[in-house]
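In what follows, a single structure is set out as structure tokens and then discussed.
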There are 2 protein chains.
Amino acid sequence: MTSVPTPFPEPARAELRLEEVLGVLSDPLRLGIVRKLLLESPDTDRSCGWFEIDRPKSTLTHHFKALREAGVTRQRQYGLERRSMVRIDDLDARFPGLLDLVRDWKP
Amino acid sequence: MTSVPTPFPEPARAELRLEEVLGVLSDPLRLGIVRKLLLESPDTDRSCGWFEIDRPKSTLTHHFKALREAGVTRQRQYGLERRSMVRIDDLDARFPGLLDLVRDWKP
């Protein structure tokens, strides 16, 4: 039996707040994380190493947590790895078009 | 001859940055200002008194300036009044769909 770990706490779809989602996406590093997931890995969650971002791990942990708490990503723990994926269905349902803006963003 | 005052300095359409626009809209007060303009006065610029926001004038001045500097609004001085309007055409051209999210926002 394949089991998927329970996600870390996150706001439900109905609880997503536009101002919080916009706020968390207003940081270029976080915008880049979400854009890379959308373009290169929309269906598979990824750990922070996959992103090849040259920042301290504690910094990345903070940013990934902020994305999850705003409801932009879902995080699960697989052994020692904490992986993230974009909540595409939830964001498309609540904020249509927003993820297209992220996909089109030029860093 | 009717003359319209020259706008205050603002980023050109091509200079608008998604991260800055999202950042300035991530504040509920500013989101409310832009939403009210879009819904009630898309074609006419308004001074801060029109919004009936119960905050010190210096606070409002700060928020209106932040909106202008991010390129969300255009500001002009009419005598003693500084009025703002949303740069709808510019934002629709650069970030399609974004203003619909603001219109649909529930405070």
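Can you tell me which residue among B:Leu25, B:Leu29, B:Leu16 is under 11 Å from the mean Cα position of the chain (by Cα) and within 14 Å of chain A (Cβ to nearest Cβ)?
Going through B:Leu25, B:Leu29, B:Leu16 in turn, just one is under 11 Å from the mean Cα position of the chain (by Cα) and within 14 Å of chain A (Cβ to nearest Cβ): B:Leu25.
I need a count of the residues in segment B:90-107 that are of a type outside the set (Lys, Arg) and free of Cβ contacts under 8 Å to residues at least 24 places away in the same chain.
6
Hey, among B:Ser41, B:Ser58, B:Ser47, B:Ser3, which residue is touching a Lys or Arg at 6+ places or on another chain (Cβ under 6 Å), more than 14 Å from chain A (Cβ to nearest Cβ) and either more than 22 Å from A:Leu99 (Cα to Cα) or without any contact (Cβ under 8 Å) to a residue 24 or more places away in the chain (or both)?
When all the criteria are applied, what remains is B:Ser47.
What's the total number of residues in segment A:18-55 that are of a type in the set (Gly, Ala, Ser) and touching a strand residue (DSSP E or B) at 6+ places or on another chain (Cβ under 9 Å)?
Adding up the residues that qualify gives 3.
For the subset of segment A:61-75 comprising residues that are among the hydrophobic types (A, V, I, L, M, F, W, C) and in contact (Cβ under 8 Å) with a residue 40 or more places away in the chain, which member is nearest to the other protein chains (Cβ to nearest Cβ)?
A:Ala70
Every read-out reported here was derived from the displayed coordinates using simple, explicitly stated rules and does not represent laboratory data. Note that the structure is predicted; figures quoted are calculated from it, not measured. Neighbour counts are summed over all protein chains in view; Cβ atoms, including those assigned to glycine, are modelled from backbone coordinates with ideal geometry.
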